[in-house]
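Take a look at the structure set out below.
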Amino acid sequence: MMRASATGLLLSASVSAAFAVHTSVRLADASVRFDGTRWQASASINSIHFAPQGEAARTLDPVELHLVRDDAPCIALARRALQFGAYDTTALLPVQISIAGVNGERFAAHTMCRNATPQGVVACVKVGPRTYLLQSVQVGCGGRNPFSGIDPIAEIASGIKFTGR
């Protein structure tokens, strides 16, 4: 019985991948390729808002990619991004990451809400004179399942490529 479940899960995952509709959107030197069946992108001059679609809307929170015209350190930019939510930023520590081969920093902050809500996450990458912030921040105490095991920041970050470097 267990073997049939594992086989069914693998088949389901491969069928989902087969139906993925990959599309891309640009923001300055960043090109982001993503699964259009899971995300809808809305672009402006300085940002791209990724809203989860369909079944993904049950487990994923929105993600935004911002082009920041500020040479402040990443920790200051992360604190600024997280100030719009109910986050405790007193112990904000960077974790080293790489997005498209560029070293950056990732920050996560717990909410000060009483109910289980996802952490606020901000990833910061400096590419030449530009700074990109990839963030998933809740304004209130709502949000999707924080225990889903899905990292929407990592999913969008995996599709980023930087040109002109």
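Could you work out how much longer the chain between R26 and Q96 gets when fully extended? Use 0.36 nm per residue separation minus the Cα distance between them, nm to one decimal.
Stretched out fully, the R26 to Q96 stretch lengthens by 22.8 nm.
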For T37 and F84, FRET efficiency with R0 = 30 Å and r from the beta-carbon atoms, rounded to 0.05?
0.55
Exposure proxy order (Cβ contacts within 10 Å, fewest to most) of V137, V63, V102:
V102, V137, V63
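Could you please report the charge total around A157, scoring K, R as +1 and D, E as -1 over all other residues with beta-carbon less than 10 angstrom from its beta-carbon?
-1
Sort E55, E155 so that the residue with the fewest other Cβ atoms within 10 Å of its own Cβ comes first and the one with the most comes last.
Fewest-to-most Cβ neighbours within 10 Å comes out as E55, E155.
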Once both labels are modelled 7 Å past Cα along the beta-carbon direction, what's the H49-I150 spacing in nm?
2.0 nm
Give me V127, V95, V25 sorted ascending by neighbouring Cβ count inside 10 Å, so fewest comes first.
V95, V25, V127
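Read the figures in this text as sums done on the coordinates, not as results from a lab. All of these numbers come straight from a predicted model, not from anything done at the bench. As a convention, Cβ positions derive from the backbone with ideal geometry for all residues, glycine included, and neighbour counts pool all protein chains shown.
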